[in-house]
Each structure stands twice: as structure tokens, then as C-alpha cells.
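Written out below as C-alpha cells is the structure these notes cover.
The values are calculated or read from the model by the stated rules, or taken from the named source; none is laboratory data. As the structure is a prediction and not an experimental result, all values here were calculated from the model. Cβ sites come from the backbone with ideal geometry, for glycine too, and all protein chains shown count toward neighbours. Ligands, DNA and RNA are stripped out before the accessible areas are found, and what is left, the full protein with its side chains, is counted by its heavy atoms. Shrake-Rupley method; radii C 1.70, N 1.55, O 1.52, S 1.80 Å.
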Amino acid sequence: MEQMSLFDNRVENIPLASRLRPSSLEDFAGQDHLLGPGRMLRQLIERDQISSMIFWGPPGVGKTTLASIIAGRTKADFINFSAVTSGIKEIKEVMNQAEQSRRMGIRTVLFVDEIHRFNKAQQDAFLPFVEKGSITLIGATTENPSFEVNAALLSRCRVFVLKALEEKDLIRLLQGALKNPAGFGTQNIRITAKQLQSIAAFSNGDARTALNTLEMAVLNGEISAKGITITDKVLSQCISRKSLLYDKTGEEHYNLISALHKSMRNSDPDAAIYWMCRMLEGGENPLYIARRLIRFASEDIGMADSHALQVAVSVYQACHFLGMPECDVHLTHAVTYLSLAPKSNALYKACEACKRDVNGLRAEPVPLQLRNAPTKLMKELSYGKGYQYAHDTDEKLTHMECMPESLKDRTYYHPTEQGEEKAAKERFEKIRQWKANPPDSRP
């Protein structure tokens, strides 16, 4: 009798997601914008006219599966390559093999999974072979190829964006897994439509997560003579915590902080709280969020409510003292306050306008009346001559020019009438009117 190995490759030992990997476009779930009837990518695959391309999308949406479907339909040699386990040496070996095949009239389609993990030198190794047609490159990445793929290589590839699957696609996928003999079609699995919907919602558009969750629920279901029953208690344990797509150094990081910033700017506290919680649940450092709130307080609120900056700084300190998870309510406090505060970007616009002059115009010398004169030589050179001390006047104002001569008519700060800035605007206009009328011109 043959001894059974602990590591034998029986079908039931293969993960459900792998057993159910579709082999045709008809069985592929989602991506109708690319693979629907008449769509470009579908036509390229059906006609075997694949050009170099990048599949960009979140995990579990079918990037590798699409590559395997192409492998089954193309008349070219198909090579599956992983950026995780391969280096320059392996790349050169494959490229030499592909070049030999090209000379014999055989095309080579090279699929590179997680191409964003290759560094610049490794990506450059593909370039000459893509240019002369030795290979047709298909790369898969979860990261924005604009940032992670070399510009020269990217310019020779067409980018196809794969979207997270919709709940209806995931439910159809789960229902298929329950009927397919390669899945649970040979077993009587008792699961409700509501439970399937819960799995689909939990999966966050990821087909692999959906199938893995279903498999876990079935393996832990209650077994009886009638079959396997998935109870709500078992399912709740399988979907106890959602794995949110969030890379603290990648594109999604910047997408979410942008959503938070723009929601606050649009005075929408509910949306702002949602995006903030998405970041925190994804593992973001609360101090990073707090720092962005401090910036927002001056950039988008400014003089309309100067207390906003105090709130933001106080919340940063609270986050520093407490950390997560306790500081989440402090961040909610700040996000809500900043969302509801009156808005003014006058300070931001003043700063940007001034920076343009500083960087684009001549660096003007400091006017003599504004210079300090701590030494005798400096006084002899007229440093400080003409300085007027504002506190010596009843108005606490003088007519002394503080701008360089070439910029004396420049204005940067243009206050709005939002919130407390309205009072600042009135005060500023009175100051300007007073300075525009020197003493000898007054009646």
C-alpha cells in the first residue's frame, strides 16, 4: 500500500481561489469596461494581437488570471516571471531565450507579476528587447505605473486599469463556487443570500478574499446529515476584520489624504471623518494626519478663524501624548472643527504670490531705514537712517516704506470677508487708507 504523504497535492489541498481560476473570458468575473463584447482588450486577446501592456489594479481583481487566459490563447511562447524571486541574471537568461525564439520566427509573451518590485536597472534590462520585438511584455502591478514603472518602458506599454469587483460580481462568483464541481458543487452547502452578500461586502472588491472567506466559512461550518450549514456566528468570525487596501508610501496613501483635505475644504465633516478613519484603520500614523490638519488650518482657513490653528496644534499634542487607539476621537474633533470653520485661502495665496516674486525677481537689498546699526561704521553708512518707531505715534502707524523700491506697490495679502477675516479686512483697509494720505496732504 502506498504511504500517504503529508504534502500530497490532492485537489482539496489546493486553495479554492486556485481551483476556480477561470481559463476563458466567458468565465472571467468583472472588468466589463475592458472585456465586454467589442472592448479593445477582449478583441486583442481573441485575435491574439497582444502588444506590450501593464495591468494596473488592486489585489484580487484578475490581473494574473487575465495573463493565464492570454497564455492559453496565444500562439506565442508564454513565460511567467515573478519580480519577487527574479533578478538581473534571470532576466538576461529569459531575454536571450526570447531573442533566439524571435530569430526562429516564434513570439514570446513575458508576464511579469508585481513589476513594480523591480528596480530601475532591472526594468531597464527589458527595454531593448521590448523595443526590437523580442518580447511582448505584460506587467501586473498594484501600484500606480506612473510612479513605479520607468518612463521609457511605460511609454512602450498600454496601461489597462482593472477595477475592484462590484458586489454583484462577487456574489455571482460565490454562487458559482457553490455550484462548480471544482469548488463545493459536490457538497450540500447551506448558506443564505444575506450571508453571501456579507462576504461580498467584506471582500472589498477582491475576488481572492471572497473565495478564501467562503472556503474558511465552509471548513468551519456545522456538519450534519443534510450537509454543511454556515451559521452567522461562524461567518462573523470569518469576517471579523476587513483588510483595507492602504499603502502608507504608495498612491492610495496620497489618494486618501487628498480626499480628507478636499472634504474638509468643502465643509463636509461626515466625509472628512470617513476618510480619516479609513487612514487610521489602514494603519496610518495619527501624527501624520495631525500634521496635515495643522497645514490645512492655515492654508484653507487662516484668518477666517485663527482658533483653527490652535485646535489643530492641540490635537497634534494630544495624539503625541496618547497615540492610537485613544487619539482617534481627538482627530475627529479637529477634522470636524476644521470642516465647519469658515474658509479662506488668502494666506496661502499671499504666500504663493510672494514666493513667485522672491524666486523670479532680483533679490532686492534691505532698505536702509530697516537695517540695524549696532556699529559706528554701519551708522556712518546710514544704516537705520529714516527709521520711524510706530509706538511713538498715537495711531501706532508710520508712513515709512518697508518694501524695496521696485516692489513698493506690490500687494500679496487680500483678505476675504469670511468669518473673523472680515474684521481683519476692515482693519487692513483703514491702515492702507491712512498710509495713502501722508500728513502734509491731509486737510
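Yes/no per residue for (1) within 26 Å of Lys168 (Cβ to Cβ); (2) modelled with pLDDT of 85 or more; (3) surrounded by fewer than 13 Cβ atoms within 10 Å (Cβ to Cβ):
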site: Lys194; (1), (2), (3): yes, yes, yes
site: Ile199; (1), (2), (3): yes, yes, no
site: Asp206; (1), (2), (3): yes, yes, no
site: Lys226; (1), (2), (3): no, no, yes
site: Lys233; (1), (2), (3): no, yes, yes
site: Ser240; (1), (2), (3): yes, no, yes
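Scanning the stretch 268-293 for residues that are open to solvent by less than 60 Å² (accessible area, probe 1.4 Å) and in contact with a Leu (Cβ under 7 Å, 6 or more places away or on another chain) yields a count of 10. Trp56 passes every criterion in (1) open to solvent by 80 Å² or more (accessible area, probe 1.4 Å); (2) touching a Pro at 6+ places or on another chain (Cβ under 8 Å); (3) of a type outside the set (A, V, I, L, M) apart from (1).
When the residues of the stretch 315-335 are narrowed to those that are among the small types (Gly, Ala, Ser) and surrounded by 14 or more Cβ atoms within 10 Å (Cβ to Cβ), which ends up modelled with the lowest pLDDT? Please lay out each step first, then the result.
To start, the set of residues in the stretch 315-335 that are among the small types (Gly, Ala, Ser) comprises 318, 323, 334.
Remaining after also requiring surrounded by 14 or more Cβ atoms within 10 Å (Cβ to Cβ): 318, 334.
Values: Ala318: 93, Ala334: 96.
Of everything passing the filter in the stretch 315-335, Ala318 is modelled with the lowest pLDDT.
For the stretch 355-381, which positions are touching a residue at least 24 places away in the same chain (Cβ under 8 Å), surrounded by 12 or more Cβ atoms within 10 Å (Cβ to Cβ) and not aliphatic (A, V, I, L, M)? If the condition is that a residue be touching a residue at least 24 places away in the same chain (Cβ under 8 Å), surrounded by 12 or more Cβ atoms within 10 Å (Cβ to Cβ) and not aliphatic (A, V, I, L, M), then Asp357, Glu364, Pro367, Gln369 are the ones that fit. Report yes if some residue within the stretch 165-175 is in contact with an Asp or Glu (Cβ under 9 Å, 6 or more places away or on another chain), open to solvent by 40 Å² or more (accessible area, probe 1.4 Å) and over 15 Å from Asp113 (Cα atoms); otherwise report no. Among the residues of the stretch 165-175, not one is in contact with an Asp or Glu (Cβ under 9 Å, 6 or more places away or on another chain), open to solvent by 40 Å² or more (accessible area, probe 1.4 Å) and over 15 Å from Asp113 (Cα atoms), which makes the answer no.
Criterion applied to Ala98, Ala121, Ala76 was being of a type in the set (A, V, I, L, M, F, W, C) and loosely packed, with under 14 Cβ neighbours inside 10 Å, and the one residue passing it is Ala121.
The single condition from (1) assigned to a helix (DSSP H, G or I); (2) in contact with an Asp or Glu (Cβ under 8 Å, 6 or more places away or on another chain) that Lys343 fails is (1).
Taking Ala308, is it open to solvent by less than 60 Å² (accessible area, probe 1.4 Å) and in contact (Cβ under 8 Å) with a residue 40 or more places away in the chain?
Details: open to solvent by less than 60 Å² (accessible area, probe 1.4 Å): yes; in contact (Cβ under 8 Å) with a residue 40 or more places away in the chain: no.
Answer is no for this residue.
Note on the stretch 75-87: among residues that are of a type in the set (A, V, I, L, M) and part of a loop (DSSP other than H, G, I, E, B), the one that is modelled with the lowest pLDDT is Val84.
Limited to the stretch 143-180, what total is found for residues that are polar (S, T, N, Q) and modelled with pLDDT under 85? So that I can check it myself, show each step before the final result.
First, the residues of the stretch 143-180 that are polar (S, T, N, Q): 144, 146, 150, 155, 175, 180.
Subsequent filtering for residues that are modelled with pLDDT under 85 retains 144, 146, 150.
Going through the stretch 143-180 one residue at a time, the tally reaches 3.
Criterion applied to Glu352, Glu421 was being free of Cβ contacts under 8 Å to residues at least 12 places away in the same chain, closer than 30 Å to Ala271 by Cβ and open to solvent by less than 70 Å² (accessible area, probe 1.4 Å), and the one residue passing it is Glu352. Considered as a group, the residues in the stretch 145-160 that are over 14 Å from Glu131 (Cβ atoms) and in contact (Cβ under 8 Å) with a residue 60 or more places away in the chain include one that is most open to solvent (accessible area, probe 1.4 Å), and that residue is Phe147.
Exactly one condition in (1) open to solvent by less than 50 Å² (accessible area, probe 1.4 Å); (2) farther than 18 Å from Lys430 by Cα is not met by Thr398; state its number. Exception for Thr398: condition (2). Would you check if Phe78 is of a type in the set (Phe, Trp, Tyr) and in contact (Cβ under 8 Å) with a residue 40 or more places away in the chain? No: the conditions fail for Phe78.
Quick one: which of Ser23, Ser68 is among the hydroxyl-bearing types (Ser, Thr, Tyr), within 30 Å of Ala200 (Cβ to Cβ) and not in a helix (DSSP H, G or I)? First the steps, then the outcome.
Working: Ser68 fails: not in a helix (DSSP H, G or I).
Sole residue among the options that is among the hydroxyl-bearing types (Ser, Thr, Tyr), within 30 Å of Ala200 (Cβ to Cβ) and not in a helix (DSSP H, G or I): Ser23.
Condition first: farther than 30 Å from Ala297 by Cα, among the acidic types (Asp, Glu), surrounded by 13 or more Cβ atoms within 10 Å (Cβ to Cβ) and out of contact with any His (no Cβ under 9 Å at 6 or more places or on another chain). Can you find one or more residues in the stretch 402-412 that meet it? Within the stretch 402-412 (the criterion being farther than 30 Å from Ala297 by Cα, among the acidic types (Asp, Glu), surrounded by 13 or more Cβ atoms within 10 Å (Cβ to Cβ) and out of contact with any His (no Cβ under 9 Å at 6 or more places or on another chain)), the answer is no, since none of the residues qualifies.
One line per residue, one yes/no per condition, for (1) farther than 30 Å from Phe296 by Cβ; (2) in contact with a helix residue (DSSP H, G or I) (Cβ under 7 Å, 6 or more places away or on another chain); (3) among the basic types (Lys, Arg):
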site: Glu326; (1), (2), (3): no, no, no
site: Val329; (1), (2), (3): no, no, no
site: His333; (1), (2), (3): no, yes, no
site: Pro342; (1), (2), (3): no, yes, no
site: Ala353; (1), (2), (3): no, no, no
site: Ala363; (1), (2), (3): yes, no, no
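Do we have any residue at all in the stretch 213-225 that's part of a loop (DSSP other than H, G, I, E, B), under 23 Å from Phe28 (Cα atoms) and not hydroxyl-bearing (Ser, Thr, Tyr)? For the stretch 213-225, residues part of a loop (DSSP other than H, G, I, E, B), under 23 Å from Phe28 (Cα atoms) and not hydroxyl-bearing (Ser, Thr, Tyr): absent.
Those residues that are basic (Lys, Arg) and surrounded by 14 or more Cβ atoms within 10 Å (Cβ to Cβ), I need them from the stretch 424-434; list them, please.
From the stretch 424-434, those basic (Lys, Arg) are 425, 427, 430, 432; that's our starting set.
Residue satisfying the conditions is Lys425 alone.
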